[in-house]
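What follows is one structure encoded as structure tokens, with my remarks underneath.
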Amino acid sequence: MKIAISGKGGVGKTTLAGVMARLLADEGRRVLAIDADPDSNLASAIGLPKEILEKLTPIASMTSLIEERTGAKKGTYGPMFKLNP
């Protein structure tokens with residue numbers, strides 16, 4: 001099962017995603033929760049301890065990993081999308 005949550009700011013996307021992730025995990029499902037916001041709010045919403053939150057690195061700052069995995073380089077088109085500055 002794949003679920004994506006999107007919409008304009010301030011409508012509860014992070015809260016909904018966090019609740020769904022926790023409920024599905026409590027049912028014994030494997031859950032991968034991905035947050036495109038560099039503020040780690042989803043990690044807080046699902047209850048990760050502060051020690052782990054402090055170690056998180058936003059994927060947007062991992063440009064070399066993005067380039068390696070997708071072929072998208074800063075300012076150029078990769079196979080599917082453009083990596084913006």
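Scanning the stretch 6-47 for residues that are in a loop (DSSP other than H, G, I, E, B) and either hydroxyl-bearing (S, T, Y) or surrounded by 15 or more Cβ atoms within 10 Å (Cβ to Cβ) (or both) returns S6, V31, A33, D35, S40, I46. Cβ-Cβ contacts under 7 Å between residues 6 or more apart (or on different chains), taken from a first residue in the stretch 1-28 that is free of Cβ contacts under 8 Å to residues at least 24 places away in the same chain and assigned by TED's automatic domain parsing to the domain that holds A45 to a second residue that is of a type in the set (S, T, Y) and surrounded by 14 or more Cβ atoms within 10 Å (Cβ to Cβ), are absent.
Note on the stretch 60-72: among residues that are surrounded by fewer than 15 Cβ atoms within 10 Å (Cβ to Cβ) and aliphatic (A, V, I, L, M), the one that is nearest to G10 (Cα to Cα) is A60.
Residues checked against (1) hydroxyl-bearing (S, T, Y); (2) at pLDDT below 90:
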position	(1), (2)
V11	no, no
T14	yes, no
R22	no, no
R30	no, no
S40	yes, yes
L53	no, yes
P58	no, yes
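Taking first residues from the stretch 47-59 that are aliphatic (A, V, I, L, M) and partners that are not in a loop (DSSP other than H, G, I, E, B), the Cβ contacts under 7 Å between residues at least 6 apart in sequence or on separate chains come to L53/A43; L53/S44; L56/A43. Only residues that are within 25 Å of V11 (Cα to Cα) and touching a helix residue (DSSP H, G or I) at 6+ places or on another chain (Cβ under 8 Å) were counted in the stretch 35-59, giving 15.
The values are calculated or read from the model by the stated rules, or taken from the named source; none is laboratory data. Keep in mind that what you see is a predicted model, and the values were worked out from it rather than measured. Note that each Cβ is placed from the backbone with ideal geometry, even for glycine, and that neighbours are counted across all protein chains shown.
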